[in-house]
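The values are calculated or read from the model by the stated rules, or taken from the named source; none is laboratory data. Nothing here was measured: the structure is a model prediction, and the numbers come from that model. Note that we place each Cβ from the backbone using ideal geometry, even for glycine, and neighbour counts take in every protein chain shown. All accessible areas refer to the heavy atoms of the entire protein, side chains included, with ligands and DNA or RNA removed. Shrake-Rupley method; radii C 1.70, N 1.55, O 1.52, S 1.80 Å.
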Amino acid sequence: MILPITDPYVVHHGALGSYAVVYCERPDEWAAKLKSVSGIEAVLSKAEAAERFELPADRLGDLVVVSTKHKVLGTSAARHDLSGLTEPLRSHGGISEQHVPLICNRRLAAPAGGRHWRNFDAFDLALNLVA
């Protein structure tokens, strides 16, 4: 299993995230087991994850696991000491974290239309669409 969030900086996210990539020999069997775990929002095959999240399939494991809004994924409780935490824990990679407001305080050179904007579209918006 690969957890992309591995920085143990407790004040930020304590090496806990909402996204994991799993490599295994029996993906269907593990998917069924993982789907039954409380706090797991989605367990997707490589093909499903690549399509749903627009990810390159050649960089994914056999499964992609995403936790629910108030749960995080990590290696073990012993490796995630949160005793020094004084602020709410932040997480990354979850489906609940995908809706980020994108506000532009300038007129657009072209109408946004029905385009589905995402956080990384801020660069395209700022560089190419602001009048």
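For residue 118, neighbours were defined as the other residues whose beta-carbon sits under 11 Å from its Cβ, and their charges (Lys and Arg +1, Asp and Glu -1) total -2. Counting only protein heavy atoms and a probe of 1.4 Å, the accessible surface of the stretch 25-79 is 50% carbon and sulfur. Taking the Cβ of residue 27 as the center, what net charge do the other residues with Cβ under 10 Å away carry, scoring Lys and Arg +1 and Asp and Glu -1? Charge balance near residue 27 sits at -2.
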